[in-house]
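K.L.:
A single structure is presented below for examination.
The values are calculated or read from the model by the stated rules, or taken from the named source; none is laboratory data. Note that the structure is predicted; figures quoted are calculated from it, not measured. Here the Cβ positions follow ideal geometry from the backbone for every residue, glycine too, while neighbour counts run over all protein chains shown. Heads up: the accessible areas ignore ligands, DNA and RNA and are worked out on the full protein's heavy atoms, side chains in. Shrake-Rupley method; radii C 1.70, N 1.55, O 1.52, S 1.80 Å.
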Amino acid sequence: MNRILTFSLLAAVALVLAMGMGGEIVAADNATDNATDEDSDVHSILDRTAGENASYSQVEVVDDWYNEEADNLSDDDQQDVEAWLAEAPDPADRLPSEYVRAIDSETHITDWEFRNGEFVVHVHALEETTVTMAESADWEEGSGEYRTMSEDLSEGNNTVYVDTFADESDGVALSFATELSMEEQRGPYISTGSEAADDPFQHFGGTSGLFSGVAMTTLLAALAAGIVVWQEDSGVVKA
(Lines give C-alpha, C1' and ligand atoms only; values in the text may rest on other atoms or scores of the structure.)
Protein backbone atom coordinates (compact mmCIF):
# COMPACT_ATOMS: atom_id res chain seq x y z
CA MET A 1 0.00 0.00 0.00
CA ASN A 2 2.86 2.33 0.90
CA ARG A 3 4.55 1.53 -2.38
CA ILE A 4 1.38 2.45 -4.30
CA LEU A 5 1.05 5.74 -2.39
CA THR A 6 4.70 6.60 -2.93
CA PHE A 7 4.40 5.83 -6.65
CA SER A 8 1.32 8.00 -6.92
CA LEU A 9 3.06 10.92 -5.22
CA LEU A 10 6.09 10.59 -7.48
CA ALA A 11 3.84 10.47 -10.55
CA ALA A 12 1.97 13.60 -9.45
CA VAL A 13 5.23 15.48 -8.81
CA ALA A 14 6.56 14.41 -12.20
CA LEU A 15 3.35 15.55 -13.88
CA VAL A 16 3.52 18.99 -12.21
CA LEU A 17 7.15 19.41 -13.17
CA ALA A 18 6.38 18.37 -16.72
CA MET A 19 3.52 20.86 -16.96
CA GLY A 20 5.73 23.62 -15.60
CA MET A 21 8.49 22.79 -18.00
CA GLY A 22 5.99 22.59 -20.81
CA GLY A 23 4.72 26.07 -20.00
CA GLU A 24 8.23 27.42 -19.94
CA ILE A 25 8.97 25.76 -23.26
CA VAL A 26 5.84 27.24 -24.84
CA ALA A 27 6.68 30.70 -23.47
CA ALA A 28 10.22 30.39 -24.74
CA ASP A 29 8.96 29.29 -28.15
CA ASN A 30 6.59 32.28 -28.31
CA ALA A 31 9.36 34.67 -27.35
CA THR A 32 11.61 33.11 -29.98
CA ASP A 33 8.87 33.43 -32.62
CA ASN A 34 8.30 37.10 -31.74
CA ALA A 35 12.01 37.82 -31.88
CA THR A 36 12.28 35.99 -35.20
CA ASP A 37 9.40 38.03 -36.66
CA GLU A 38 10.97 41.29 -35.49
CA ASP A 39 14.36 40.29 -36.91
CA SER A 40 12.68 39.41 -40.19
CA ASP A 41 10.95 42.80 -40.37
CA VAL A 42 14.17 44.67 -39.63
CA HIS A 43 16.24 42.71 -42.15
CA SER A 44 13.51 43.28 -44.75
CA ILE A 45 13.76 47.04 -44.19
CA LEU A 46 17.57 47.05 -44.28
CA ASP A 47 17.73 44.88 -47.42
CA ARG A 48 14.99 46.58 -49.44
CA THR A 49 15.16 50.24 -48.43
CA ALA A 50 18.11 52.60 -48.61
CA GLY A 51 18.57 54.63 -45.48
CA GLU A 52 18.01 57.95 -47.22
CA ASN A 53 14.68 56.69 -48.63
CA ALA A 54 13.38 55.19 -45.39
CA SER A 55 10.25 56.49 -43.70
CA TYR A 56 10.36 57.77 -40.15
CA SER A 57 8.46 54.73 -38.91
CA GLN A 58 10.99 52.38 -40.57
CA VAL A 59 13.86 54.30 -38.99
CA GLU A 60 12.25 53.98 -35.57
CA VAL A 61 11.80 50.21 -36.00
CA VAL A 62 15.44 49.71 -37.01
CA ASP A 63 16.75 52.06 -34.31
CA ASP A 64 14.78 50.36 -31.52
CA TRP A 65 15.88 46.92 -32.71
CA TYR A 66 19.53 47.99 -32.95
CA ASN A 67 19.54 49.43 -29.42
CA GLU A 68 18.40 46.03 -28.12
CA GLU A 69 20.48 43.75 -30.36
CA ALA A 70 23.71 45.68 -30.92
CA ASP A 71 25.70 43.52 -28.48
CA ASN A 72 24.61 40.37 -30.31
CA LEU A 73 25.74 41.59 -33.74
CA SER A 74 29.14 41.17 -35.32
CA ASP A 75 31.32 44.23 -35.83
CA ASP A 76 30.57 44.24 -39.56
CA ASP A 77 26.81 44.05 -38.97
CA GLN A 78 27.01 46.87 -36.43
CA GLN A 79 28.86 49.05 -38.92
CA ASP A 80 26.30 48.30 -41.63
CA VAL A 81 23.34 49.19 -39.42
CA GLU A 82 25.03 52.33 -38.10
CA ALA A 83 25.81 53.44 -41.66
CA TRP A 84 22.17 52.86 -42.65
CA LEU A 85 20.93 54.88 -39.68
CA ALA A 86 23.40 57.69 -40.45
CA GLU A 87 21.89 58.07 -43.94
CA ALA A 88 18.29 57.80 -42.72
CA PRO A 89 16.17 60.84 -41.76
CA ASP A 90 16.22 61.75 -38.09
CA PRO A 91 12.83 61.05 -36.44
CA ALA A 92 13.44 64.11 -34.26
CA ASP A 93 13.05 66.24 -37.39
CA ARG A 94 9.58 64.92 -38.16
CA LEU A 95 7.71 67.92 -36.80
CA PRO A 96 7.62 70.92 -39.18
CA SER A 97 9.70 73.83 -37.94
CA GLU A 98 6.76 76.18 -38.45
CA TYR A 99 3.06 75.50 -38.64
CA VAL A 100 -0.20 77.42 -38.47
CA ARG A 101 -2.20 75.05 -36.26
CA ALA A 102 -2.03 71.45 -35.03
CA ILE A 103 -4.87 69.16 -36.11
CA ASP A 104 -3.56 66.59 -33.63
CA SER A 105 -0.17 65.79 -32.10
CA GLU A 106 0.97 64.14 -35.35
CA THR A 107 -0.75 66.24 -38.04
CA HIS A 108 -0.19 69.97 -38.63
CA ILE A 109 -1.49 72.69 -40.96
CA THR A 110 1.64 74.40 -42.30
CA ASP A 111 -0.03 76.95 -44.61
CA TRP A 112 -3.35 77.76 -46.28
CA GLU A 113 -5.12 80.23 -48.53
CA PHE A 114 -8.63 80.88 -49.82
CA ARG A 115 -9.10 81.80 -53.46
CA ASN A 116 -12.00 81.67 -55.89
CA GLY A 117 -14.27 79.83 -53.47
CA GLU A 118 -11.68 77.18 -52.61
CA PHE A 119 -9.47 76.46 -49.62
CA VAL A 120 -5.95 75.28 -50.45
CA VAL A 121 -4.50 73.71 -47.31
CA HIS A 122 -0.97 72.39 -46.82
CA VAL A 123 -0.79 69.65 -44.19
CA HIS A 124 2.19 67.75 -42.77
CA ALA A 125 1.48 64.28 -41.34
CA LEU A 126 3.91 62.22 -39.30
CA GLU A 127 1.97 59.06 -40.15
CA GLU A 128 -0.64 58.13 -42.73
CA THR A 129 -4.07 59.27 -41.57
CA THR A 130 -7.47 60.47 -42.75
CA VAL A 131 -8.62 64.02 -42.10
CA THR A 132 -12.28 65.08 -42.22
CA MET A 133 -13.14 68.72 -43.02
CA ALA A 134 -16.37 70.69 -42.75
CA GLU A 135 -17.20 74.16 -44.03
CA SER A 136 -18.96 76.83 -42.00
CA ALA A 137 -19.74 80.53 -42.55
CA ASP A 138 -21.48 83.60 -41.18
CA TRP A 139 -24.71 82.76 -42.97
CA GLU A 140 -28.02 84.60 -42.79
CA GLU A 141 -30.95 83.06 -40.92
CA GLY A 142 -32.52 80.18 -42.85
CA SER A 143 -31.24 76.93 -44.31
CA GLY A 144 -28.62 75.86 -46.79
CA GLU A 145 -25.81 73.41 -47.34
CA TYR A 146 -22.12 73.18 -46.59
CA ARG A 147 -19.17 71.21 -47.89
CA THR A 148 -17.83 68.24 -45.93
CA MET A 149 -15.23 65.75 -47.14
CA SER A 150 -12.48 63.37 -46.05
CA GLU A 151 -8.97 63.14 -47.46
CA ASP A 152 -6.35 60.42 -47.00
CA LEU A 153 -2.99 61.91 -46.02
CA SER A 154 0.33 60.24 -46.70
CA GLU A 155 3.34 60.56 -44.44
CA GLY A 156 5.02 63.91 -45.06
CA ASN A 157 3.67 66.95 -46.89
CA ASN A 158 0.18 67.00 -48.44
CA THR A 159 -1.95 69.59 -50.24
CA VAL A 160 -5.74 69.46 -49.85
CA TYR A 161 -8.26 71.36 -52.01
CA VAL A 162 -11.73 72.07 -50.65
CA ASP A 163 -14.42 73.84 -52.71
CA THR A 164 -16.91 75.77 -50.59
CA PHE A 165 -20.52 76.77 -51.08
CA ALA A 166 -19.93 80.07 -49.26
CA ASP A 167 -17.63 82.80 -50.49
CA GLU A 168 -15.20 85.09 -48.71
CA SER A 169 -17.86 87.73 -48.01
CA ASP A 170 -19.64 85.14 -45.83
CA GLY A 171 -16.63 84.77 -43.54
CA VAL A 172 -16.10 81.17 -44.63
CA ALA A 173 -14.22 78.77 -42.33
CA LEU A 174 -13.01 75.16 -42.46
CA SER A 175 -12.75 72.81 -39.46
CA PHE A 176 -10.61 69.67 -39.25
CA ALA A 177 -10.73 66.37 -37.38
CA THR A 178 -8.80 63.08 -37.37
CA GLU A 179 -9.23 59.93 -35.33
CA LEU A 180 -6.35 61.05 -33.11
CA SER A 181 -7.77 64.57 -32.68
CA MET A 182 -11.03 63.00 -31.53
CA GLU A 183 -9.08 60.98 -28.94
CA GLU A 184 -7.29 64.17 -27.88
CA GLN A 185 -10.67 65.96 -27.79
CA ARG A 186 -9.67 68.93 -29.89
CA GLY A 187 -9.73 70.21 -33.44
CA PRO A 188 -8.67 73.37 -35.30
CA TYR A 189 -10.29 75.64 -37.85
CA ILE A 190 -9.09 78.21 -40.36
CA SER A 191 -11.20 81.19 -41.38
CA THR A 192 -11.15 84.09 -43.81
CA GLY A 193 -12.76 86.21 -41.10
CA SER A 194 -16.24 87.66 -41.10
CA GLU A 195 -16.89 91.08 -42.57
CA ALA A 196 -19.27 91.58 -39.68
CA ALA A 197 -16.36 91.47 -37.26
CA ASP A 198 -14.61 94.30 -39.12
CA ASP A 199 -17.67 96.25 -40.16
CA PRO A 200 -20.01 97.61 -37.45
CA PHE A 201 -22.38 98.90 -40.14
CA GLN A 202 -23.11 95.46 -41.63
CA HIS A 203 -26.85 95.84 -41.13
CA PHE A 204 -26.79 99.06 -43.19
CA GLY A 205 -25.21 97.36 -46.17
CA GLY A 206 -21.70 97.54 -44.78
CA THR A 207 -19.46 100.58 -44.51
CA SER A 208 -19.62 101.33 -48.23
CA GLY A 209 -23.36 100.87 -48.28
CA LEU A 210 -23.88 103.16 -45.30
CA PHE A 211 -21.79 106.03 -46.66
CA SER A 212 -23.32 105.64 -50.09
CA GLY A 213 -26.71 106.07 -48.42
CA VAL A 214 -25.47 109.11 -46.46
CA ALA A 215 -24.11 110.69 -49.64
CA MET A 216 -27.36 110.08 -51.50
CA THR A 217 -29.40 111.51 -48.61
CA THR A 218 -27.16 114.61 -48.48
CA LEU A 219 -27.48 115.08 -52.23
CA LEU A 220 -31.27 114.86 -52.11
CA ALA A 221 -31.38 117.29 -49.19
CA ALA A 222 -29.20 119.76 -51.09
CA LEU A 223 -31.39 119.38 -54.15
CA ALA A 224 -34.53 120.01 -52.09
CA ALA A 225 -32.95 123.11 -50.52
CA GLY A 226 -31.99 124.39 -53.95
CA ILE A 227 -35.56 123.98 -55.16
CA VAL A 228 -36.87 125.90 -52.16
CA VAL A 229 -34.39 128.75 -52.78
CA TRP A 230 -35.31 128.86 -56.46
CA GLN A 231 -39.00 128.97 -55.60
CA GLU A 232 -38.37 131.84 -53.17
CA ASP A 233 -36.41 133.77 -55.74
CA SER A 234 -39.13 133.25 -58.31
CA GLY A 235 -41.79 134.52 -55.93
CA VAL A 236 -43.66 131.25 -55.70
CA VAL A 237 -42.92 130.92 -52.01
CA LYS A 238 -43.52 134.06 -49.91
CA ALA A 239 -41.85 134.63 -46.58
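Quick grid of which residues meet (1) out of contact with any strand residue (DSSP E or B) (no Cβ under 8 Å at 6 or more places or on another chain); (2) β-branched (Val, Ile, Thr); (3) within 18 Å of Ser181 (Cα to Cα):
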site	(1), (2), (3)
Ala88	yes, no, no
His108	no, no, yes
Asp111	no, no, no
His122	no, no, yes
Leu126	no, no, yes
Glu141	yes, no, no
Met149	no, no, yes
Asp152	no, no, yes
Glu155	no, no, yes
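K.L.:
Considering only residues of the range 157-176 that are closer than 16 Å to Trp112 by Cα and of a type in the set (Gly, Ala, Ser), which is most open to solvent (accessible area, probe 1.4 Å)?
P.N.:
Restricting to residues being closer than 16 Å to Trp112 by Cα and of a type in the set (Gly, Ala, Ser), the top hit is Ser175.
K.L.:
Note down all Cβ pairs under 9 Å where the first residue falls in the range 163-178 and is more than 13 Å from Ile109 (Cβ to Cβ), the second is part of a helix (DSSP H, G or I) and modelled with pLDDT under 85, and they're at least six residues apart or on different chains.
P.N.:
Close Cβ pairs satisfying both conditions: Thr164/Asp170; Glu168/Glu195; Ser169/Glu195; Asp170/Glu195; Gly171/Glu195; Gly171/Ala196; Gly171/Ala197.
K.L.:
Working carefully through the options Ser55, Ser40, find the one that is over 30 Å from the mean Cα position of the chain (by Cα) and of a type outside the set (Asp, Glu). Give the steps one after another, and end with the answer.
P.N.:
Numbers: Ser55 fails: over 30 Å from the mean Cα position of the chain (by Cα).
Going through Ser55, Ser40 in turn, just one is over 30 Å from the mean Cα position of the chain (by Cα) and of a type outside the set (Asp, Glu): Ser40.
K.L.:
Further, regarding this structure: If you scan the range 50-61, which residues turn out to be free of Cβ contacts under 8 Å to residues at least 60 places away in the same chain and either of a type in the set (Phe, Trp, Tyr) or touching a helix residue (DSSP H, G or I) at 6+ places or on another chain (Cβ under 6 Å) (or both)? Working first, answer last.
P.N.:
Initially, the range 50-61 is screened for residues free of Cβ contacts under 8 Å to residues at least 60 places away in the same chain, giving 50-54, 58-61.
Scanning the range 50-61 gives Gly51, Glu52, Gln58, Val59, Glu60.
K.L.:
Consider Ser40 carefully, then state whether it is exposed (fewer than 12 other Cβ atoms within 10 Å of the Cβ) and either part of a helix (DSSP H, G or I) or in contact (Cβ under 8 Å) with a residue 12 or more places away in the chain (or both).
P.N.:
In short, yes.
K.L.:
Now, a different point. Hey, can you tell me all the residues within the range 86-129 that are open to solvent by less than 20 Å² (accessible area, probe 1.4 Å), touching a residue at least 60 places away in the same chain (Cβ under 8 Å) and among the β-branched types (Val, Ile, Thr)?
P.N.:
Answer for the range 86-129, where residues must be open to solvent by less than 20 Å² (accessible area, probe 1.4 Å), touching a residue at least 60 places away in the same chain (Cβ under 8 Å) and among the β-branched types (Val, Ile, Thr): Ile103, Thr107, Ile109, Val121.
K.L.:
On to the next question. Can you pull out the residues in the range 158-179 that are within 11 Å of the chain's Cα centre (by Cα) and outside any loop (DSSP other than H, G, I, E, B)?
P.N.:
Once the filter is applied, which keeps residues that are within 11 Å of the chain's Cα centre (by Cα) and outside any loop (DSSP other than H, G, I, E, B), the range 158-179 yields Asn158, Ser175, Phe176, Ala177, Glu179.
K.L.:
Quick check on my filter: what residues within the range 131-155 are surrounded by 14 or more Cβ atoms within 10 Å (Cβ to Cβ), part of a strand (DSSP E or B) and within 12 Å of the chain's Cα centre (by Cα)?
P.N.:
Those that are surrounded by 14 or more Cβ atoms within 10 Å (Cβ to Cβ), part of a strand (DSSP E or B) and within 12 Å of the chain's Cα centre (by Cα): Val131, Thr132, Met133, Glu151, Leu153.
K.L.:
In the range 45-77, which residues are small (Gly, Ala, Ser) and either modelled with pLDDT under 90 or open to solvent by less than 40 Å² (accessible area, probe 1.4 Å) (or both)?
P.N.:
Applying the first criterion (small (Gly, Ala, Ser)) to the range 45-77 yields 50-51, 54-55, 57, 70, 74.
The answer is Gly51, Ala54, Ser55, Ser57, Ala70.
K.L.:
Any residue in the range 181-192 that is under 13 Å from Val162 (Cβ atoms) sitting within a Cβ distance under 7 Å of a residue that is open to solvent by 40 Å² or more (accessible area, probe 1.4 Å) and assigned to a loop (DSSP other than H, G, I, E, B)? List the pairs, counting only those 6 or more apart or interchain.
P.N.:
none
K.L.:
Among (1) modelled with pLDDT of 95 or more; (2) over 30 Å from Val62 (Cα atoms); (3) within 12 Å of the chain's Cα centre (by Cα), where does Ile109 come up short?
P.N.:
Every listed condition holds for Ile109 apart from (2).
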